[in-house]
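Laboratory data are not the source of any read-out in this text; all were calculated from the coordinates shown. Owing to the predicted nature of the structure, the values given are computational and were not obtained by experimental measurement. All Cβ positions, glycine included, derive from the backbone under ideal geometry; neighbour counts span all protein chains shown.
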Amino acid sequence: MRRCLVLAVLVTMSAPALALDMPARKPGLWELKMDFEGHKLPATVMKQCTDATSDKVMNSNFGGAAQDCSKQEVTKSATGMIVDSVCKFGDSTTTSHAVITGSFDSEYTVNVSSTREDGRAIPGMPATGATKMNIQAKWLGPCAAGQRPGDVIMANGMTMNVLDMPKMPGAPKRF
């Protein structure tokens, strides 16, 4: 569970403004491959079972709405969207530039370049410095039997549900 929370924090700090006016993803099972360039973190593959409600919660909790952002700009480009932001998360400030291409109905790519200043070190990453994260997302089809919207299935098979996380003892209402 600790690794999952660390991963959630890493994604949050690397892509703090992705929640801004993003189109909803097609409901169903999505595979996300995340790779942090130049850091001692292995590439991570996870699956997410989504519907409109859980996708909105994932975007608002893990995509930036929980931070104090002094800048959040979304620009449509010929091939997708560009998101530029400056957000404070705890003691650190993260400046990010994200390029999003593809379709939220089938597959998309997010390339994020960010610079983090101040704050505590995160396992595998320094307290300050530049980070490049690449996310490749692909729609796999309907969610599998027994999965429910909001389920995030880690590579090790562990499942957590983003709709249940605020109900966990000691968990913040928003991440």
Exercise for the section: Please give the net charge around SER113, taking every other residue with its beta carbon less than 12 angstrom from that of SER113, where Lys and Arg add +1 and Asp and Glu add -1. Expected result: 0
Handout entry: Violating pairs (Cα-Cα greater than 19 angstrom) within the set LYS76/LYS132; LYS33/LYS71; LYS33/LYS76; LYS26/LYS47; LYS33/LYS138; LYS33/LYS132
Key = LYS76/LYS132; LYS33/LYS71; LYS33/LYS76
Practice task
Using packing as a proxy for protection, rank 70-81, 88-99 so that the peptide with the highest average count of other Cβ atoms within 10 Å comes first.
Solution key: 88-99, 70-81
Handout entry: Two-site FRET efficiency, ALA52 against ALA130, from Cβ-Cβ distance with R₀ of 41 Å, rounded to 0.05
Key = 0.75
Problem - In sequence order, calculated HN-Hα J values of the stretch 144-161 (Karplus, 6.51, -1.76, 1.60; Hz; x Gly/Pro) - result: 6, 4, x, 7, 10, x, x, 5, 10, 9, 6, 4, 7, x, 5, 10, 10, 10
